[in-house]
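The values are calculated or read from the model by the stated rules, or taken from the named source; none is laboratory data. Here the structure is a predicted model, which means the values were calculated and not measured. Here the Cβ is made from the backbone with ideal geometry for all residues, glycine too, and neighbour counts use every protein chain on show. The area values use the complete protein model at the heavy-atom level, side chains included, leaving out ligands, DNA and RNA. Shrake-Rupley method; radii C 1.70, N 1.55, O 1.52, S 1.80 Å.
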There are 2 protein chains.
Amino acid sequence: MINKTTLDFRVYLVLDPDLTAQFGMVETAVAAAQAGAGLIQLRAPNWKKRACYDCAIALKKALRPFHIPLIVDDHVDVALAAQADGVHVGQKDLPIEVVRQLVGPDMIVGLSINNLAQLESMNPHLVDYIGVGPVFATTTKKDADAPIGVSGLSNIAQLSPVPVVGIGGINEERTVEIARTVADGIAVISAICGQVDPGKATRNLLAAWQKGRLS
Amino acid sequence: MINKTTLDFRVYLVLDPDLTAQFGMVETAVAAAQAGAGLIQLRAPNWKKRACYDCAIALKKALRPFHIPLIVDDHVDVALAAQADGVHVGQKDLPIEVVRQLVGPDMIVGLSINNLAQLESMNPHLVDYIGVGPVFATTTKKDADAPIGVSGLSNIAQLSPVPVVGIGGINEERTVEIARTVADGIAVISAICGQVDPGKATRNLLAAWQKGRLS
């Protein structure tokens, strides 16, 4: 069982089936885990559930030695079936009250937040962290909202009662900027999945985070 | 609670968001229920989960007076959250063993079957009925297998340990043919959803079923 109180949100990898085509989902996840990613999310909106379930099982097994949580995007049923450590939902997915009822108190539940109104309407007792964004324009999420910028992220992070990860169009340089806010970390897809060396990309993002945080 | 042993599989309506655009999902379901449909399925593969959940809740409420089961396609989490009466999965959805474990013994579980090999590999103790097809070519399911014909349906129905509904391209005339096999009913989308009068279409399908069965 993952300890929810000691999560490391600095670099949160969201796996993408298209961008990981070169190395594969599991290999990319393991490379990032070895390099210090603190959470791994399986997000495959175009996959059928069987493929998603099979991948979740494979990821769960491969990530066991690293003791970092596997989060499943959207599909609460897949998260439960694969005994993932958590589930992440957006504003158009199942309501957070329903999700928490289905998964129980121990599973990690993350929620996507785009603006202050969404933060204010959220019951913080049901949510373990929020993914806030898109901070910058993103190409990997087709139906993304307009970018909120680092200032938009910073505003939400200052008011959030739960840990905050910025998401959307984040690269090394932008990680330094975000680390200067009170946000707890960054979530990335292409900054790791799309890279020639996913492990090295993860280390560089962690270094960029440390640089921003300490400056 | 729906009694699983007394289900009426003769005419099983599968709701489609595009084809029900004229009357709406709930109105179409109620018209079919009033006219004698025995089961109603919510199938919206292109919808986000929130829309699917909201629709399931609305259908559950609207169908309560008719005492007929609401089945949710694919999404076990939505079925559980909306307290639907059952869930229907295909060969590329969550494995039936996993589905049964998530929903417990009382919920109705249906499985799509295309050939004898799939029937043979199925654990009949976990499944309450099978949807067999496509019997004829269909336009409403984009990734459908090749049609198996009435003879293909008949072969599978003769060997099935659980009730069988034929699905795929079924209209009134073809319902008469299928009712002459040992199958238990038909599942239709466009033969009800796409019609000017969904209630009348349902009555006509039931009459066609009776005609075939008695002949």
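Mean partner shielding of peptide A:71-78, defined as the number of other chain Cβ atoms within 10 Å of each residue Cβ, is 5.
Computed across region B:1-88, the Kirkwood hydrodynamic radius from all distinct Cα-Cα pairs reaches 12.7 Å. Sorted from shortest to longest, the distances between the A:Thr6 label points of this copy and the other copies are 5.7 nm, with each point 7 Å from Cα along the line through the beta carbon.
Between A:Ala32, A:Ala81, A:Ala56, the Gaussian network model of chain A with springs among Cα atoms under 10 angstrom shows the greatest mean-square fluctuation at A:Ala81. Solvent-accessible surface (1.4 Å probe) assigned to B:Cys52 amounts to roughly 0 Å². In a simple Cβ point-charge model (Lys, Arg +1; Asp, Glu -1; nothing else charged), chain A has a dipole of about 340 debye relative to its Cα centre. Volume per residue for region B:149-210 equals 71 cubic angstrom (convex hull of Cα atoms). With the biggest extent put first, the Cα atoms of region B:79-138 measure 33, 24, 17 Å across the principal axes.
Per residue of the protein assembly as shown, the DSSP helices (runs of n ≥ 4 H) give a summed -39500 (n - 2.57) that works out to -11000 deg cm²/dmol at 222 nm. Charging the Cβ of each Asp and Glu at -1 and of each Lys and Arg at +1, and nothing else, the dipole of the protein assembly as shown about its Cα centre rounds to 80 debye.
Normalised by the number of residues in chain A, the average gap of Cα pairs under 8 Å and 6 or more apart makes the relative contact order 21 percent. The mean accessible area for residues of the protein assembly as shown, using a 1.4 Å probe and ignoring ligands and nucleic acids, is 43 Å² per residue.
Look at the alpha carbon pairs under 8 Å that are at least 6 residues apart: their mean separation over the length of region A:111-205 gives a relative contact order of 25 percent. Residues whose amide H falls under 5 Å from that of A:Ile186, counting only those 5 or more places apart or on a different chain, are A:Val11, A:Tyr12, A:Gly166, with hydrogens built in the peptide plane.
Once the cut-off is 31 Å, how many percent of the Cα-Cα pairs in the protein assembly as shown end up in the long-distance tail? Considering the protein assembly as shown, 45 percent of its Cα-Cα pairs are separated by more than 31 Å.
Please report the spacing between the Cα centers of region B:143-214 and region A:96-149 in Å, no decimals. Between the Cα centres of region B:143-214 and region A:96-149 lies a distance of 44 Å.
The Cα-based radius of gyration of region A:42-141, divided by its Kirkwood radius, gives an Rg/Rh of 0.97. The P(r) of chain B has a tail past 20 Å containing 54 percent of all C-alpha pairs. Counting only other chain Cβ atoms within 10 Å of each residue's Cβ, the peptide A:95-108 averages 2. Please report the net charge: other residues with Cβ closer than 10 Å to the Cβ of A:Leu111, K and R +1, D and E -1. In short, -2.
By a 1.4 Å probe calculation restricted to protein chains, A:Asp197 has an accessible surface near 70 Å², given to the nearest 10.
In this simple spin-label model, placing a label point 7 Å from the Cα along the Cα-to-Cβ direction at both A:Asn3 and B:Asp143 gives a separation of 4.1 nm.
One residue of chain A places its C-beta nearer than any other to the axis carrying A onto B; that residue and its whole-Å distance are A:Asp77, 2.
I'd like to know which of A:Met1, A:Ala146, A:Gly166 lies farthest towards the positive end of the charge dipole of chain A, counting +1 on Cβ of Lys and Arg and -1 on Cβ of Asp and Glu. Result: A:Met1.
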